[in-house]
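Okay, so here's the structure we're looking at.
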Amino acid sequence: MSAPRVVSVAAASPAQRAGLKVNDELLAVDGRVPRDVIEYRLLVDEADPELEIRRGHEELTVLLRKEAGEIPGIEVSSAVFDRVRTCDNHCEFCFIYQLPKGMRRSLYLKDDDYRLSFLYGNFTTLTRFTELDLERVLTERLSPLFVSIHSTDPELRARMLRNPRGATSLRWLRALLDGGIEVHGQVVVCPGVNDADALETTLAGLVDQYSDLATVACVPLGVSDYTTDPSMRPHTRREAAAVIDAVEQWQDLCARSLGRRLVYAADEYYLLAERPFPGAEAYDGFPQHENGIGMARAFEAAFRGDASAAHGVQPGFFSWVDGAPAAGYRAPRTDGSAPYRHEDTWAGEPREPGDRSGVAILTGEYGAAVLDPLVRDLAHVRLVPVHNSFFGGNIAVTGLMTGIDVARALSDERSGGRYLLPDVCLSEGRFLDGMTVADLPRPVEVIQSDGYSLRTALQSGGADPARSATARGGPAPVAVALGSTR
Ligand code: SF4
């Protein structure tokens with residue numbers, strides 16, 4: 001057990017009034033040692049909790065004067081204090097096995113911890129889930145959770161996870177659903193392994209045995225140049241189309257029998273199959289937006305000016321836990337100092353009001369495919385697709401762009417002007433390869449990776465781009481910043 005450290009104390013909060021300081025170590029609350037930030041939150045939710053802390057070599061007791069339910073105003077350094085539960089599977093498609101050597105250590109951590117599923121939306125296979133975990137989830141109502149299913153055929157699931165417990169661990173899924181926990185599932189589809197007939201069997205199995213799942217996402221595997229498993233390969237266009245067909249057929253069936261679609265295909269499939277995305281209404285509120293389901297349509301809606309779609313779905317469970325550190329899938333993209341260097345970057349003549357000259361959007365190759373119809377008719381706005389040489393393979397999502405590839409794309413640029421970089425490829429100010437925005441050969445403007453932010457950034461140099469596109473009779477704007485690593 002490692003005691004969490006206070007990393008920030010909110011101004012005028014009960015914690016600040018009680019004299020808590022950054023770097024204090026939190027040892028216990030009312031005599032109990034919390035195992036994680038969820039337990040910590042429950043303990044400090046009471047009125048006037050007593051905190052035992054370590055400050056340097058000194059141990060102190062601090063009375064936090066507050067009402068029951070009042071937020072104490074502390075952020076701590078980790079989410080799980082008794083160590084993250086690591087994964088004991090060895091999935092053939094695991095992207096962590098496909099990372100090149102020498103990246104940040106934290107990127108190689110394979111977690112399979114239901115608490116991180118609740119806190120950050122990480123997917124868990126439940127192969128390490130226990131009766132005690134179930135009791136806790138049900139008692140503390142840790143909902144929603146996110147479960148990797150892959151197959152409902154026990155033998156195939158065990159083979160895909162390379163873990164015999166994969167054959168039986170979906171019994172916990174049944175128990176969670178029976179306990180009223182909202183669960184979202186995912187099937188990582190690997191061609192030649194669990195697609196085609198096997199996918200049909202899985203979708204039938206889900207409808208038959210787990211129709212009370214909230215949603216199920218079918219997502220393609222990512223294959224980098226570093227895969228060591230020759231049986232793992234990207235989908236062909238025909239295979240991608242077959243996945244869409246299977247999902248859409250089951251959607252129709254589910255809509256008729258359950259009154260909702262239940263299953264969704266990732267945006268990547270529509271790109272691979274070169275088919276139009278379904279309408280926004282087909283995503284039923286975008287519950288798996290962060291897993292690449294409906295990102296394009298959410299982006300489009302935001303770009304058109306729907307502010308509520310600006311950031312996709314904001315999961316309620318994360319904000320529920322005051323004090324959780326910003327890690328997992330939702331680490332802050334910038335470190336607070338990443339530059340928004342609009343004026344610095346302008347290398348041309350001073351702009352007149354309304355002039356949007358020389359705005360270039362750096363994006364992954366998939367992002368470029370869907371941004372193109374959105375910006376095609378906007379004068380002086382262009383795309384700079386960044387080829388992913390760092391990972392190679394079929395990795396083309398914007399969220400996996402690395403500093404070295406962005407730097408190469410920028411070095412190839414001849415003109416100046418503004419360069420917009422979506423923040424989805426950054427985590428605490430760094431690209432996956434460790435480079436920072438300041439290491440790039442040209443200044444860039446880091447913008448949030450949603451349509452509303454792109455619209456605002458383009459507007460900052462001139463007229464409403466969405467309105468311009470419409471006025472020119474341009475095609476329906478569609479855009480995406482795909483960030484899933486899977
Ligand atoms: S894909 Fe997930 S469950 Fe499978 S080995 Fe990797 S981290 Fe573990």
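Out of the residues in segment 174-187 that are of a type in the set (A, V, I, L, M) and over 14 Å from Asp153 (Cα atoms), state the one that is farthest from the chain's Cα centre (by Cα). Don't jump to the end; show me each part of the working.
Initially, segment 174-187 is screened for residues of a type in the set (A, V, I, L, M), giving 175-177, 181, 183, 187.
Then keep just the ones that are over 14 Å from Asp153 (Cα atoms); that gives 175-177, 181, 183.
Values: Ala175: 26, Leu176: 23, Leu177: 24, Ile181: 21, Val183: 17 Å.
By that ranking, first place goes to Ala175.
Tell me whether segment 163-179 contains one or more residues that are without any contact (Cβ under 8 Å) to a residue 40 or more places away in the chain, crowded, with 22+ Cβ neighbours inside 10 Å, out of contact with any Asp or Glu (no Cβ under 7 Å at 6 or more places or on another chain) and not polar (S, T, N, Q).
No, segment 163-179 has no match at all.
Whether any residue in segment 463-479 is at pLDDT below 85 and under 22 Å from Val219 (Cα atoms) is what I want to check. Explain how you work it out, then say what you get.
Quick first cut of segment 463-479, residues at pLDDT below 85 only: 463-479.
Filter once more, keeping what is under 22 Å from Val219 (Cα atoms): 478-479.
Yes: one or more hits.
Restricting to segment 76-96, name every residue that is farther than 30 Å from Arg41 by Cβ and either at pLDDT below 90 or under 19 Å from the mean Cα position of the chain (by Cα) (or both). Steps first, answer last, please.
Taking segment 76-96 as the starting set, the residues that turn out to be farther than 30 Å from Arg41 by Cβ are 90-95.
Scanning segment 76-96 gives Glu92, Phe93, Cys94, Phe95.
Take the conditions at pLDDT 90 or above, under 30 Å from Ala28 (Cβ atoms), within 13 Å of the ligand (Cβ to nearest atom) and surrounded by 14 or more Cβ atoms within 10 Å (Cβ to Cβ) and apply them to Leu116. Does it pass?
Numbers: at pLDDT 90 or above: yes; under 30 Å from Ala28 (Cβ atoms): yes; within 13 Å of the ligand (Cβ to nearest atom): yes; surrounded by 14 or more Cβ atoms within 10 Å (Cβ to Cβ): yes.
Yes, satisfied.
Exactly one condition in (1) in a helix (DSSP H, G or I); (2) under 20 Å from the mean Cα position of the chain (by Cα); (3) at pLDDT below 80 is not met by Glu343; state its number.
Among (1) in a helix (DSSP H, G or I); (2) under 20 Å from the mean Cα position of the chain (by Cα); (3) at pLDDT below 80, Glu343 violates only (2).
Among the numbered conditions (1) under 23 Å from Pro234 (Cβ atoms); (2) within 15 Å of the ligand (Cβ to nearest atom), tell me where Pro100 comes up short.
(2)
Could you count how many residues in segment 122-132 are closer than 18 Å to Leu177 by Cβ, away from the ligand (no atom under 11 Å from the Cβ) and not aromatic (Phe, Trp, Tyr)? Write out each step before concluding.
Narrowing segment 122-132 to residues closer than 18 Å to Leu177 by Cβ: 123-127, 129-131.
With the extra rule that they be away from the ligand (no atom under 11 Å from the Cβ), the set shrinks to 129-131.
Adding the requirement that they be not aromatic (Phe, Trp, Tyr) leaves 130-131.
Counting residues in segment 122-132 that are closer than 18 Å to Leu177 by Cβ, away from the ligand (no atom under 11 Å from the Cβ) and not aromatic (Phe, Trp, Tyr) gives 2.
Among the residues of segment 20-41, how many are surrounded by fewer than 14 Cβ atoms within 10 Å (Cβ to Cβ) and either in contact (Cβ under 8 Å) with a residue 60 or more places away in the chain or closer than 18 Å to Val7 by Cα (or both)?
Qualifying residue count, segment 20-41: 3.
Scan (1) touching a Pro at 6+ places or on another chain (Cβ under 6 Å); (2) within 22 Å of Asp133 (Cα to Cα) for the single condition Leu64 breaks and write down its number.
Answer for Leu64: the failing condition is (2).
Provide a single number: the residues in segment 198-237 that are over 23 Å from the mean Cα position of the chain (by Cα) and among the β-branched types (Val, Ile, Thr).
Matching residues across segment 198-237 total 5.
Can you spot a residue in segment 73-80 that is at negative phi and within 16 Å of the ligand (Cβ to nearest atom)?
Step one: filter segment 73-80 for residues at negative phi, giving 74-80.
Restricting the remaining residues to those that are within 16 Å of the ligand (Cβ to nearest atom) gives 80.
Looking for residues that are at negative phi and within 16 Å of the ligand (Cβ to nearest atom), one finds at least one in segment 73-80, hence yes.
Can we say Arg237 is of a type outside the set (Phe, Trp, Tyr) and surrounded by fewer than 19 Cβ atoms within 10 Å (Cβ to Cβ)?
Values: of a type outside the set (Phe, Trp, Tyr): yes; surrounded by fewer than 19 Cβ atoms within 10 Å (Cβ to Cβ): yes.
Spelling it out, Arg237 is indeed of a type outside the set (Phe, Trp, Tyr) and surrounded by fewer than 19 Cβ atoms within 10 Å (Cβ to Cβ).
Having 1 or more residues that are of a type in the set (Gly, Ala, Ser) is the bar; report the strands (runs of 3 or more DSSP E) wholly within segment 1-104 that clear it.
Details: elements: 6-9, 25-29, 50-55, 58-63, 74-76.
Counting at least 1 such residues, we get 6-9, 25-29.
Cβ contacts < 7 Å: first residue of a type outside the set (Val, Ile, Thr), restricted to segment 120-131; second residue outside any helix (DSSP H, G or I) and near the ligand (Cβ under 9 Å from one of its atoms), any location; separation 6+ or different chain. Result?
Qualifying pairs under 7 Å: Asn122/Asp111; Phe123/Ser148; Arg128/Asp88; Arg128/Asp112.
Being surrounded by 15 or more Cβ atoms within 10 Å (Cβ to Cβ) and of a type in the set (Val, Ile, Thr): is that true of Ile74 here?
Yes, satisfied.
Can you list the helices (runs of 4 or more DSSP H) found entirely within segment 133-236 that contain at least 2 residues being within 16 Å of the ligand (Cβ to nearest atom)? Write out each step before concluding.
Working: elements: 154-161, 170-178, 196-209.
Because the criterion is at least 2 residues that are within 16 Å of the ligand (Cβ to nearest atom), the helices (runs of 4 or more DSSP H) in segment 133-236 that meet it are 154-161, 170-178.
The values are calculated or read from the model by the stated rules, or taken from the named source; none is laboratory data. Nothing here was measured: the structure is a model prediction, and the numbers come from that model. For neighbour counting, all protein chains shown are included, and Cβ atoms are generated from backbone atoms with ideal geometry for every residue, glycine included.
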